1. Any residue that is outside any loop (DSSP other than H, G, I, E, B), touching a residue at least 40 places away in the same chain (Cβ under 8 Å) and buried (at least 18 other Cβ atoms within 10 Å of the Cβ) - is there at least one of those in segment 192-206?
2. Kindly indicate the residue of segment 155-191 that is of a type in the set (S, T, N, Q) and in contact with a strand residue (DSSP E or B) (Cβ under 8 Å, 6 or more places away or on another chain) and also surrounded by the fewest Cβ atoms within 10 Å (Cβ to Cβ) among those meeting that condition.
3. Looking at Gln134, Gln130, Gln105, which one is under 27 Å from the mean Cα position of the chain (by Cα), polar (S, T, N, Q) and part of a strand (DSSP E or B)?
4. For segment 350-370, check the following and say yes or no: at least one residue is on the phi > 0 side of the Ramachandran plot, surrounded by 13 or more Cβ atoms within 10 Å (Cβ to Cβ), out of contact with any Cys (no Cβ under 6 Å at 6 or more places or on another chain) and assigned by TED's automatic domain parsing to the domain that holds Ser221.
5. Suppose we keep only residues that are hydrophobic (A, V, I, L, M, F, W, C) and under 35 Å from the mean Cα position of the chain (by Cα) within segment 85-102. Which one would you say is nearest to Val39 (Cα to Cα)?
6. Exactly one condition in (1) without any contact (Cβ under 8 Å) to a residue 40 or more places away in the chain; (2) farther than 21 Å from Met146 by Cβ; (3) in a helix (DSSP H, G or I) is false for Trp95; which is it?
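The values are calculated or read from the model by the stated rules, or taken from the named source; none is laboratory data. Keep in mind it's a predicted model, so treat the numbers as computed, not measured. Backbone-built Cβ (ideal geometry, glycine too); neighbour counts: all protein chains shown.
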Amino acid sequence: MFNKLLRFCFVIGACLFVSGARAELKVDIIAGSTEPIAVAVQRFETDGKVNSKDAAMIRTVVENDLKSTGLFRIVGHDALPEYVKMNDMPNFQLWAAIKTQVLVQVKMVTQKNDRYKIDFYVWDVNGKEQIEAQSLVSSKKSVRRMAHIMADAIYERLTGEVGYFDTQIVFIAETGAVDARVKRMAIMDQDGYGFRYISDKKTFVMSPHFSPNMQTVVFLSYRDNDPMVWTLDMDTGAQKRLGRFGGMTFSPRFSPDGTKVAISLVKEGITNIYEYDLDKKTLRQLTFGKSIDTSPSYSPDGKKMAFNSNRSGSQQIHMLDLETGIQKRITYGAGRYATPAWSPDGQFIAFTKIADDTFYVGIMNDRGRNEKILAGGWFMESPSWAPGSRRIVYYETEKSLDGMDRTSHIRSVDIMGQNIYDIKIPKDVNGVEPTWSPRLP
């Protein structure tokens, strides 16, 4: 499905001329409380055939994407001092007077076969120079995705980091009473748009995770009251059991190259982690013993695996070298640790921590050091990384004052523990177990 949504042509202009005497405009995304960069996105220049609602929507989506990072402040439309056509030079003094640091110009025209073409320029106001120029082409049905790709390009140019706006989140959507929840898989854009179910009401499902190419989702299904790992083909909607392994399987995760799936398998009351080769249809045991080993997460290079285990007497995160088989515990802080998730750049492991009757989401390095708590609450779990390794999605459950009701929100936080916000989902839906996708194909 995803690879059929859109076909883009990128034309990148070589428009960066940086004087050696001036510091290049760049956002320091790990500086903590850095003042947001002021960005102005002009009204689009159009050819008269462009649907004005489409142009306005793209402008709004781009602005919302950039604003959501906490790194950018969007200059109000009423404050813009002039309208600059694409081939005209901005009056930088006017823009600097309203403290604009980045100006975005856009021209949007129609093409044959029901398509749009967007050209956009990005200007460094203080440096008085153009720092980015691109062209995007898409079908008119995919204009919203075009907006996310445009926002990614601006974000990447200003931060030097991988953008994450052209992504999706798969999660479990719960509906109904607390004691009779219906659990269905659902998917949406990273900003909550386009919510839709991808499984029916008949089967209880949990723990969905994308393959690296987003072609497949693995998940735990209780179909026929038999808890096993299944796969969902995102193009055809076809579901099939991963395999029959002589016991309950759960907590699936794809390897970085998409050729294997790590699972927890229960045999004779003992839970160990195994690796299933999708091509060879073979199963390899990775952990041994009588403890409960689960929540496997591959390192980006596929050489290591983080997982949680109670082998030390309490739930802690351990590290497995997949080449040597050597295992070691890496968490020793107060409390219990679970649900490790390796960042795409390999620098961090996100985790859930339970201490003093409170749940926390945090990050640490792969040796279990430099722990940083990002959020805490009554119940939260399932951290998952955005592309670029600068933002995490997780879910938090809150209880009502009388303790009789539960509401679960899907939330996002940056690696500094700042700029936490809810991702909007339908009012009657509780969102749990979110997984952030890679960039869309």
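1. no
2. Thr175
3. Gln134
4. Scanning segment 350-370, I find at least one residue that is on the phi > 0 side of the Ramachandran plot, surrounded by 13 or more Cβ atoms within 10 Å (Cβ to Cβ), out of contact with any Cys (no Cβ under 6 Å at 6 or more places or on another chain) and assigned by TED's automatic domain parsing to the domain that holds Ser221, so the answer is yes.
5. Here the residue is Val102.
6. The failed condition is (1).
Here is a yes/no grid of residues against (1) surrounded by 14 or more Cβ atoms within 10 Å (Cβ to Cβ); (2) hydroxyl-bearing (Ser, Thr, Tyr):
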{"site": "Val75", "(1), (2)": "yes, no"}
{"site": "Lys85", "(1), (2)": "no, no"}
{"site": "Thr100", "(1), (2)": "yes, yes"}
{"site": "Val106", "(1), (2)": "yes, no"}
{"site": "Val109", "(1), (2)": "yes, no"}
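Per-residue answers, yes or no, for (1) charged (D, E, K, R); (2) under 24 Å from Lys424 (Cβ atoms); (3) touching a Phe, Trp or Tyr at 6+ places or on another chain (Cβ under 6 Å):
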| residue | (1), (2), (3) |
| --- | --- |
| Leu374 | no, yes, no |
| Met380 | no, yes, yes |
| Gly388 | no, yes, yes |
| Glu396 | yes, yes, no |
| Asp402 | yes, no, no |
